[in-house]
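What follows is a set of notes on a single structure, which appears directly below.
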Amino acid sequence: MDHHFNFCPNCATPLQLLSAVEDGGPKTRLRCPACAWTHWNNPTPVLAAIIEMADREGQVLLARNAAWTGRMFALITGFMEAGETSEDGIAREVLEETGLRVEAPRLVGVYDFQRMNQLIVAYHVLARGEIALSPELAEYKLFRPEDLKCWRAGTGYALADWLTARGVTPQWLELPT
């Protein structure tokens, strides 16, 4: 069980794994034995962008996170912020990470990413302009849609669904486990 709390944010009592009856029946979660506060540990919404470069023959931008080892390139992603729509959030993330302004965000789908306790909301966006990466990203590559390779995780499934909807049969990377 993934947990981020050791102490109750209400009364500072150490949290314990305790069972309680909820709507769906008994459930064990981190709970406060003193005030009954519960750490729900719900998935975090993460936005992902399939960025199609409108001024570069429809090539798709993938980037490598500076913190990653290896040469994996992936979609631009980021956390949704309070008070913004998912469409506003994806436009903000793409601008922050790449310097590109987006138009016509279209929902591709919603994807499970349990390993990180996240729910991925993936969009296809059209972008134009000069690419200026944030320090969070080490490098980018542009790919023709038919040359993209998908990966078997949340954002890779989003990319595969987008390709399939465009009539392109997805190719899959075989990553070491």
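The values are calculated or read from the model by the stated rules, or taken from the named source; none is laboratory data. In this text, all values refer to a predicted model and were calculated from it rather than measured experimentally. When we count neighbours, we look across all protein chains shown, and the Cβ atoms used for this are built from the backbone with ideal geometry, even at glycine. Heads up: the accessible areas ignore ligands, DNA and RNA and are worked out on the full protein's heavy atoms, side chains in. Shrake-Rupley method; radii C 1.70, N 1.55, O 1.52, S 1.80 Å.
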* Could you grab the pairs with beta carbons closer than 6 Å, sequence gap of 6+ or different chains, first residue in segment 16-36 and under 17 Å from His4 (Cα atoms), second one of a type in the set (D, E, K, R) and surrounded by 11 or more Cβ atoms within 10 Å (Cβ to Cβ)? => Leu18/Arg31
* Structure fact -> When every residue in segment 5-28 that is assigned to a loop (DSSP other than H, G, I, E, B) and among the aliphatic types (A, V, I, L, M) is compared, the one most open to solvent (accessible area, probe 1.4 Å) is Ala12
* Structure fact -> For segment 29-54, the count of residues that are surrounded by fewer than 11 Cβ atoms within 10 Å (Cβ to Cβ) and either of a type in the set (Asp, Glu) or outside any loop (DSSP other than H, G, I, E, B) (or both) equals 0
* To do: Identify all residues within segment 109-139 that are basic (Lys, Arg) and in contact (Cβ under 8 Å) with a residue 60 or more places away in the chain; write none if there are none.
  => Arg128
* **Positions within segment 157-176 being among the aromatic types (Phe, Trp, Tyr) and open to solvent by 80 Å² or more (accessible area, probe 1.4 Å), in sequence order** => Tyr157
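Being touching a strand residue (DSSP E or B) at 6+ places or on another chain (Cβ under 6 Å) and over 17 Å from Met53 (Cα atoms) narrows it down to one residue among Thr169, Thr155; which is it? It would help to see each step written out before you state the result.
Working: Thr169 fails: touching a strand residue (DSSP E or B) at 6+ places or on another chain (Cβ under 6 Å).
Checking each option against the conditions leaves just Thr155.
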* Look at Met1 and say whether it is among the aliphatic types (A, V, I, L, M), within 27 Å of Glu146 (Cβ to Cβ), at pLDDT below 95 and open to solvent by 20 Å² or more (accessible area, probe 1.4 Å). => no
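Per-residue answers, yes or no, for (1) under 18 Å from Ile90 (Cα atoms); (2) of a type outside the set (D, E, K, R); (3) assigned to a loop (DSSP other than H, G, I, E, B):
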| position | (1), (2), (3) |
| --- | --- |
| Arg115 | no, no, no |
| Leu119 | yes, yes, no |
| Ala122 | yes, yes, no |
| Leu126 | yes, yes, no |
| Ser134 | yes, yes, yes |
| Lys141 | no, no, no |
| Thr155 | yes, yes, no |
| Ala160 | no, yes, no |
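For (1) without any contact (Cβ under 8 Å) to a residue 60 or more places away in the chain; (2) touching a Lys or Arg at 6+ places or on another chain (Cβ under 7 Å), each residue gets a yes or a no:
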| site | (1), (2) |
| --- | --- |
| Thr44 | no, no |
| Ala49 | no, no |
| Asp55 | no, yes |
| Leu62 | no, yes |
| Asn65 | no, no |
| Thr77 | no, no |
| Met80 | yes, no |
| Asp88 | yes, no |
| Arg92 | yes, no |
* To do: Note down all Cβ pairs under 6 Å where the first residue falls in segment 140-156 and is crowded, with 16+ Cβ neighbours inside 10 Å, the second is part of a loop (DSSP other than H, G, I, E, B) and at pLDDT 95 or above, and they're at least six residues apart or on different chains.
  => Pro145/Val168; Cys150/Pro170; Thr155/Leu75
* Conditions: (1) under 30 Å from Glu103 (Cα atoms); (2) open to solvent by less than 80 Å² (accessible area, probe 1.4 Å). Gly70 meets all but one. Number of the miss? -> (1)
* To do: Among the residues of segment 1-50, write down those that are within 30 Å of Leu107 (Cα to Cα) and among the charged types (D, E, K, R).
  => Asp2
